[in-house]
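Visitor: Sharing a structure below in C-alpha cells format, with a few things to ask.
Coordinate-derived values only; no laboratory data. On a predicted model such as this, the values are computed, not experimentally measured, just so you know. Cβ placement follows ideal geometry from the backbone for every residue including glycine, while neighbour counts extend to all protein chains displayed.
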Amino acid sequence: MRATLHSSQWLSRDVREVILSPHESLSYRPGQYVSIARTDREPRCYSMARAPSGDNRIALHVRRWPGGSFSDVVMNESRTGDEFDITGPLGTFAFPDGVGPVVMLATGTGVAPFLAMLESALPANASRPITLYWGGRGNEDLYAQDAIGDWMARFQRFRFVPVLSGRGDGYVQDVAAQEMADPANTHVLACGNTRMTDDAFARLVAEAASPVASFASDAFTPATYESGASAAAALGPDSSAQSVVRMHCGGQCLQARAGETVLRTLKAAGLPVMSVCGGKASCGTCLVELDAAWSERVPPCSRTERSLLSCLPDAGPLSRLSCQIRVTQELDGLALRLPSNNPTIKELSV
Ligand SMILES: Cc1cc2nc3c(=O)[nH]c(=O)nc-3n(C[C@H](O)[C@H](O)[C@H](O)COP(=O)(O)OP(=O)(O)OC[C@H]3O[C@@H](n4cnc5c(N)ncnc54)[C@H](O)[C@@H]3O)c2cc1C
Ligand code: FES
C-alpha cells in the first residue's frame, strides 16, 4: 500500500523517528515490521516502534548508516507529504504468552519492537517481571529514556538495564545471562545486530547448561549482507565433486553446493536477486519461478512460505522463495528463472 510521510525527527545523533500514514488500514502486532521503498529504490525493513494507537499511523526508528541507500540517501531527500510503498505487517516476532519472566535483549534500534511491545504488554502484565537490556556506546545512544523512565515509575516489575560499551559493560547477552536467576522459566527475546542475536542464542540455548524456556529473535540483517562476493566466499572452492549440484537459471548453468540455499547459489553466481529480509521468508524479494518439470520435485513450501506467497501480487503457481529452498543431491539439474519483473533486473536494463 502507499503511505505518506507525516513527520520525522532526530531521536539521537544517528536515529530518526519516522511517522507514516498508510493510505489503507494497517493492523499489526507489536514486534512486526514493514518493508518500505521509494519507487526508484530497493525496499528496506523497519520494525514498528509504537503499539497500534487507532490513528492508523506507524512509527519507525531508522538508524542512519552513512551512504546507506534508505537510511541516509532516501531519508535525507524526503519531506513531509512524500509517498512511499509499504508492504506489511511482516514477521512473527511477538511478546511471549505465559507468566514466566521476560528478558528483552536489544542493540541500537533493535529496541524499536520492544518499545511497541512494552507499550501494550506492560499494562496487561503488571505482575510479570520484564527486563529490558539495551546496548549502545554511550548513554546518549539510548534515546527512548523518557518512555522507559515513565514505565519504571508505573510498573514495579519492569527493569531497565543499560549496557554501555563506552564504560566497559560488556555485551547485553552476557550481562543478561549473568543476572538470570531461573533460565528454565525465562522467555528471551533478542533484536538488533546479527552477531548479538546469534551469540545470545548460542549462550542461552544451544550451549547453555540450562536453556531458557523460549527464545525468539529478529536480526536486523542488512539487505546487502550477502553480496555476490561474500556468498561466493562463503561457499568456498569446489573441493568435493560429491556435494556439487547443477542448477540452471535463465539459460545459465550454475554449480550449487549441497546444503546451501538456492538464494545463496544465485548470489554467488552474481545473479541480480535481492534478499531484503535476510532469508526470513517475509519480504518476497528473492522470488524465483521454477521450471514446470520441477514444481513437484522441490520440497513443498512451509506454512510461512506459503502464506507469504499467497500475498505477493507477482507470485504464480510456480513461484517459490529462493531463500527457503535448500539444495540437495535430489535437486541436481534444477531449472528455474528470475521473474521478469525482478526490480533489480529492471534497474539493470535501464
Ligand atoms: C526484519 C528487519 C527489521 C529491521 N528493522 C530495523 C529498524 O527497526 N531500524 C533500523 O534502523 N534498521 C532496521 N533493519 C535494518 C534495515 O532494514 C536496513 O538494512 C538498514 O537501515 C540499512 O539500510 P540502508 O539502505 O540505509 O543501507 P544499505 O544501502 O543497505 O547499506 C549501506 C552500507 O551501510 C552499512 N550497513 C548497513 N546495515 C549494516 C549493519 N546492520 N551492520 C553493519 N553495516 C551496515 C554497510 O557498510 C553497507 O554497505 C531491519 C532489518 C530487518 C531484516
Ligand atoms: S530473502 Fe526475504 S523472503 Fe527470501
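Visitor: I need the helices of the chain that pass two filters: whole DSSP H segments spanning 15 Å or more by Cα along the axis, and mean Kyte-Doolittle score no lower than -0.5.
Guide: On the way: long enough: 112-124 (19 Å, 1.22).
The answer, listed by residue number, is 112-124.
Visitor: What share of all Cα pairs of the range 102-219, in percent, falls into each consecutive 10 Å distance bin?
Guide: 14, 49, 33, 4
Visitor: A follow-up question, please. Return the Rg/Rh ratio of the range 35-174 with Cα-based radii and a Kirkwood Rh.
Guide: Values: Rg = 16.6 Å, Rh = 16.7 Å.
That ratio is 0.99, to two decimals.
Visitor: With runs of 4+ DSSP H residues as the only contributors, calculate the mean residue ellipticity of the chain at 222 nm using -39,500 (n - 2.57) per run, divided by the residue total and rounded to the nearest 500. Don't skip to the answer; put the middle values down first.
Guide: Details: 8 runs with 70 residues, N = 350.
When only DSSP H runs of four or more count, the value is -5500 deg cm²/dmol.
Visitor: When DSSP assigns beta bridges and you keep just the ones with both residues in the chain, what percent turn out antiparallel, to the nearest 5? Present the calculation step by step, with values, prior to reporting the outcome.
Guide: On the way: 37 of 64 bridges.
The antiparallel fraction comes to roughly 60 percent.
Visitor: Follow-up question, since we're still on this one. At a temperature of 20 °C and a viscosity of 1.002 mPa s, determine how fast the range 2-90 diffuses translationally according to Stokes-Einstein, using the Kirkwood radius over alpha-carbon pairs as Rh; express D in µm²/s, rounded to the nearest whole number. Don't skip to the answer; put the middle values down first.
Guide: On the way: Rh = 13.0 Å.
Translational diffusion coefficient: 165 µm²/s.
Visitor: Also: In nm, to one decimal, how far is the S53 label point from the S214 one, both placed 7 Å along Cα→Cβ?
Guide: The answer from the label model is 2.8 nm.
Visitor: Starting from one equal scatterer on each C-alpha and no solvent at all, send me the Debye-based log10 I(q)/I(0) for the chain at q = 0.08, 0.11, 0.14, 0.15 Å⁻¹, two decimals.
Guide: -0.43, -0.81, -1.21, -1.33
Visitor: Once you charge only the Cβ atoms, +1 for Lys and Arg and -1 for Asp and Glu, what is the size of the charge dipole of the range 102-219 about its Cα centre, to the nearest 20 debye?
Guide: On the way: 8 positive and 13 negative charges, 44 e Å.
Computed about the Cα centre, the dipole is about 220 debye.
Visitor: Let me ask another. Please compute the length gained on full extension between S21 and R41, using 0.36 nm multiplied by the number of residues separating them and subtracting their Cα-Cα distance.
Guide: 5.2 nm
Visitor: Sequence gap at least 6, Cα distance under 8 Å: using those rules, report the relative contact order of the chain to the nearest whole percent.
Guide: Numbers: 696 pairs, mean separation 44.4, N = 350.
Across the chain, relative contact order equals 13 percent.
Visitor: Also: Give the distance, in whole Å, between the Cα centre of the range 25-77 and the Cα centre of the range 116-152.
Guide: 21 Å
Visitor: Considering every pair of different Cα atoms, what Kirkwood radius, in Å, is found for the range 101-169? Present the calculation step by step, with values, prior to reporting the outcome.
Guide: On the way: mean 1/r = 0.0821 Å⁻¹.
In the range 101-169 this quantity evaluates to 12.2 Å.
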